[in-house]
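The values are calculated or read from the model by the stated rules, or taken from the named source; none is laboratory data. Not measured: the values here are computed from a predicted model. In this analysis, Cβ positions are derived from the backbone assuming ideal geometry, glycine residues included, and neighbour counts consider all displayed protein chains.
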Amino acid sequence: MTPPEIHGYAIVSRDDRIADAKGLMPASLKNDADWAYFQAELGRADYVVIGRASHEATPNIKRRKRIVLSRSARRLEKRADAWWWNPLELGFEELAKALAPAARIAVPGGQAAFDMFLKIGYSAFHLSRAERIALPAGRGLFSSCETGVAAETVLKEAGLHAGPTLDIDPQAGVTLTLWRPAA
Ligand SMILES: NC(=O)c1ccc[n+]([C@@H]2O[C@H](COP(=O)([O-])OP(=O)(O)OC[C@H]3O[C@@H](n4cnc5c(N)ncnc54)[C@H](OP(=O)(O)O)[C@@H]3O)[C@@H](O)[C@H]2O)c1
């Protein structure tokens with residue numbers, strides 16, 4: 001079985017935060033150009049693996065195949081709104097077998113999902129940044145970002161390399177950088 005590609009997606013503030021100090025994604029972090037890119041990318045994925053809090057914060061309007069990360073799930077279980085997955089009870093390899101022949105999995109966060117897939121290995125991490133926004137004491141992209149480690153350092157330590165940074169919305173100061181493993 002060919003393992004699925006794993007693609008991470010986030011938009012962060014200039015201080016590497018995905019949400020504010022209350023754990024909510026502020027309007028200042030929402031950007032139309034990033035949203036259009038993100039939605040097109042999700043459309044290319046066979047499954048979307050998402051943290052329980054993020055699942056609840058973003059209704060699945062497009063009815064994509066979601067897998068919700070939660071300790072409340074028993075292994076991998078079908079609920080009315082999605083598949084629910086507990087990685088403590090069913091490892092990723094077993095999940096991938098259950099999803100075969102999935103070619104691509106999208107990981108739109110939150111922090112727990114981003115941290116977990118760092119260890120499993122990203123095929124690509126699509127990192128958008130709202131360069132003018134700061135969210136002090138907000139939710140870090142990765143848990144170590146909350147202890148002062150830059151997201152770039154975390155991605156590099158995971159073996160990923162940055163491609164060119166694109167100005168996807170110059171007026172709003174939003175950029176996009178694609179991180180990939182060395183060829
Ligand atoms: N800017 C961005 O790109 C971006 C991306 C994603 C999310 N967000 C925002 O960030 C906020 C939520 O993010 P978050 O990081 O606080 O939460 P999250 O990762 O979406 O969800 C956290 C939940 O995931 C489950 N979980 C965590 N670790 C687990 C593990 N090892 N095994 C099984 N389940 C596990 C737990 O659910 P149970 O309590 O059910 O066990 C936990 O409460 C929302 O406001 C969202 O809109 C922003």
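Structure summary
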{"read-out": "Considering residues of the range 40-60 that are within 13 Å of the ligand (Cβ to nearest atom) and assigned to a helix (DSSP H, G or I) only, the residue farthest from ASP81 (Cα to Cα)", "value": "GLU41"}
{"read-out": "Qualifying residue in the range 75-95 (condition: of a type in the set (A, V, I, L, M) and under 22 Å from VAL12 (Cβ atoms))", "value": "no"}
{"read-out": "Qualifying positions in the range 1-39 - under 20 Å from PRO170 (Cβ atoms), assigned to a loop (DSSP other than H, G, I, E, B) and not polar (S, T, N, Q)", "value": "ARG14, LYS30"}
{"read-out": "Criterion violated by ASP20 - all others in (1) more than 11 Å from the ligand (Cβ to nearest atom); (2) touching a helix residue (DSSP H, G or I) at 6+ places or on another chain (Cβ under 9 Å) satisfied", "value": "(1)"}
{"read-out": "Scan of the range 105-156 for residues that are assigned to a loop (DSSP other than H, G, I, E, B), under 18 Å from ARG180 (Cα atoms) and within 9 Å of the ligand (Cβ to nearest atom), ordered by number", "value": "PRO108, GLY109, LEU141"}
{"read-out": "Search result, residues across the range 161-178 that are touching a Leu at 6+ places or on another chain (Cβ under 7 Å) and more than 14 Å from ALA151 (Cβ to Cβ)", "value": "GLY163, LEU166, ILE168"}
{"read-out": "Pairs with Cβ under 7 Å, 6+ apart, first in the range 85-99 and without any contact (Cβ under 8 Å) to a residue 60 or more places away in the chain, second small (Gly, Ala, Ser) and within 11 Å of the ligand (Cβ to nearest atom)", "value": "TRP85/ALA73; ASN86/SER70; ASN86/ALA73"}
{"read-out": "Residue ID - farthest from the chain's Cα centre (by Cα), chosen from residues in the range 61-78 that are within 12 Å of the ligand (Cβ to nearest atom) and assigned to a loop (DSSP other than H, G, I, E, B)", "value": "ARG74"}
{"read-out": "Among the residues listed as LEU135, LEU176, LEU141, the single one being in contact with a Pro (Cβ under 8 Å, 6 or more places away or on another chain), at pLDDT 95 or above and within 15 Å of VAL12 (Cβ to Cβ)", "value": "LEU135"}
